[in-house]
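See structure below.
The values are calculated or read from the model by the stated rules, or taken from the named source; none is laboratory data. Small disclaimer: the values here were computed from a predicted structure and weren't measured. Please note: Cβ atoms are built from the backbone with ideal geometry, for glycine as well, and neighbour counts cover all protein chains shown.
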């Protein structure tokens with residue numbers, strides 16, 4: 001218990017301090033320098049695109065220094081806009097100049113940096129070994145190529161269901177009976193008919209939930225040769241299932257195009273939607289952006305396709321990597337493994353960020369997972385770790401999320417295909433055939 005109290009206190013202090021430190025200076029962290037200074041401290045340059053991540057890394061540097069007095073570090077963190085940072089990283093890797101020691105890479109961009117037989121990122125497999133037995137393998141797979149780990153995840157992002165249990169109970173719908181997608185549709189139709197309000201969400205600007213059903217059907221969005229394949233039988237079946245739920249009244253499009261938008265938060269907070277199937281990190285969105293629903297929301301396992309062994313997949317994420325050529329590779333790798341994979345770090349991932357930690361040893365520690373003082377535990381009717389433990393043997397890796405051409409597929413679906421299917425009523429085979437043709441042209445396949 002002492003350690004958990006320490007982490008909560010440390011989190012509060014480091015978060016406020018880190019938000020300032022994480023801002024960095026213009027162009028800061030552009031050129032790593034090797035070895036410790038005269039005080040025995042090694043400066044590690046870090047690029048991030050999310051300021052809150054920078055605050056978390058500052059916290060983990062402080063903790064590392066307490067436990068490693070002979071390997072002291074200081075982080076020089078620079079926060080760049082999302083697209084600018086990834087573009088800057090690509091240019092630096094191409095030239096071999098101006099690289100940071102460590103860099104956050106968003107999952108949709110990650111494949112761009114691990115193409116070919118010799119990726120320009122450090123192999124982090126060995127540094128992960130002290131923790132690897134407890135880490136969700138599917139999330140390491142997301143940042144791995146050919147058996148080598150090139151990035152460490154921030155969270156699992158396991159897809160779960162968030163139900164407004166208060167609204168559902170008033171309408172006579174019992175969310176605890178929802179196990180399959182057929183159950184989900186039946187509950188949605190019942191709720192919609194009873195209240196005139198919407199139940200689930202069909203997103204047009206994010207492609208998150210549909211891949212869960214594709215994975216549960218045993219499908220992918222690329223074929224075995226690595227070519228795009230978005231009109232195959234499994235994708236078609238999944239998208240027809242989603243279009244069918246929309247036509248039945250079980251799901252509906254949402255303002256803002258997704259539940260993870262300002263307009264979406266407002267609609268859900270207003271009680272206009274009663275069910276959100278989304279990654280577990282969405283807990284933080286409820287707490288931060290939908291305060292009126294505190295005490296109303298229950299977390300439950302995501303619906304499954306009948307007979308599938310895939311209970312959930314990870315959605316979204318950021319992997320931190322080390323570009324080759326840093327003079328501080330070994331120290332950076334050891335700190336990074338500690339900061340992302342250790343139990344201590346994963347307690348902070350939950351308590352500070354509200355993310356589902358990748359180290360499953362934390363899932364078993366009820367002093368952390370069921371802490372009554374935790375703001376996330378206070379907000380929800382049910383406990384997210386109870387749900388994670390229920391599905392942990394069925395957490396799968398959706399191969400399409402790790403493919404280098406995912407950004408192209410994601411862009412086509414979120415700008416054209418999902419709108420065609422959900423808003424324009426285009427038949428799924430026609431919409432997917434068009435997407436397949438457009439992507440083949442774009443990708444030269």
| In this structure, does residue 109 turn out to be in the same structural domain as residue 322 (by TED's automatic domain parsing), farther than 26 Å from residue 290 by Cβ, outside any strand (DSSP E or B) and in contact with a helix residue (DSSP H, G or I) (Cβ under 6 Å, 6 or more places away or on another chain)? | yes
In the set 134, 141, 146, the lone residue that is surrounded by fewer than 22 Cβ atoms within 10 Å (Cβ to Cβ), more than 21 Å from the chain's Cα centre (by Cα) and modelled with pLDDT under 95 is 146
Restricting segment 287-305 to residues that are touching a strand residue (DSSP E or B) at 6+ places or on another chain (Cβ under 6 Å) and either in the same structural domain as residue 351 (by TED's automatic domain parsing) or closer than 22 Å to residue 253 by Cβ (or both), the one surrounded by the fewest Cβ atoms within 10 Å (Cβ to Cβ) turns out to be 297
So, first residue farther than 13 Å from residue 316 by Cα in segment 390-402, second residue in a helix (DSSP H, G or I), Cβ within less than 7 Å, six or more apart or across chains; the pairs are 395/138; 396/138; 396/215
Just to be sure, is residue 172 touching a helix residue (DSSP H, G or I) at 6+ places or on another chain (Cβ under 7 Å), over 21 Å from residue 290 (Cβ atoms) and assigned by TED's automatic domain parsing to the domain that holds residue 285? yes
Just wondering, is there one or more residues in segment 265-274 that are more than 23 Å from residue 176 (Cβ to Cβ), part of a helix (DSSP H, G or I) and out of contact with any helix residue (DSSP H, G or I) (no Cβ under 9 Å at 6 or more places or on another chain)? yes
Q) Any residue in segment 88-99 that is outside the structural domain of residue 400 (by TED's automatic domain parsing), assigned to a loop (DSSP other than H, G, I, E, B), over 29 Å from residue 314 (Cα atoms) and within 26 Å of the chain's Cα centre (by Cα)? A) yes
Per the filter on segment 74-83, residues within 11 Å of residue 49 (Cβ to Cβ) and either at pLDDT 95 or above or not in a helix (DSSP H, G or I) (or both) are 78, 79, 80, 81
Counted residues in segment 237-251 being under 26 Å from the mean Cα position of the chain (by Cα), over 20 Å from residue 396 (Cβ atoms) and in a helix (DSSP H, G or I) come to 4
Q. Hey, any hits in segment 50-59 for a residue that's more than 24 Å from the chain's Cα centre (by Cα), surrounded by 13 or more Cβ atoms within 10 Å (Cβ to Cβ) and either at pLDDT 50 or above or not in a loop (DSSP other than H, G, I, E, B) (or both)?
A. no
In segment 287-308, anything closer than 18 Å to residue 156 by Cα and either free of Cβ contacts under 8 Å to residues at least 40 places away in the same chain or not in a strand (DSSP E or B) (or both) is listed as 302, 303
### Task
Restrict the check to segment 112-119 and report whether at least one residue is under 22 Å from the mean Cα position of the chain (by Cα) and either crowded, with 20+ Cβ neighbours inside 10 Å or free of Cβ contacts under 8 Å to residues at least 60 places away in the same chain (or both).
yes
By my count, helices (runs of 4 or more DSSP H) wholly in segment 341-406 with at least 2 residues that are under 20 Å from residue 57 (Cα atoms) are 343-348
The residue that is surrounded by the most Cβ atoms within 10 Å (Cβ to Cβ), considering only those in segment 242-261 that are more than 18 Å from residue 420 (Cβ to Cβ) and at pLDDT 95 or above, is 259
Original post:
Mind checking whether some residue in segment 265-278 is within 21 Å of residue 310 (Cα to Cα) and out of contact with any strand residue (DSSP E or B) (no Cβ under 6 Å at 6 or more places or on another chain)?
Top reply: yes
Reported set for segment 405-441 where residues are buried (at least 17 other Cβ atoms within 10 Å of the Cβ) and either within 24 Å of residue 117 (Cβ to Cβ) or within 17 Å of the chain's Cα centre (by Cα) (or both) is 405, 406, 409, 410
Exception for residue 239 within (1) in contact with a strand residue (DSSP E or B) (Cβ under 9 Å, 6 or more places away or on another chain); (2) crowded, with 24+ Cβ neighbours inside 10 Å falls at (1)
Given (1) over 23 Å from the mean Cα position of the chain (by Cα); (2) at pLDDT 95 or above, residue 225 misses just (2)
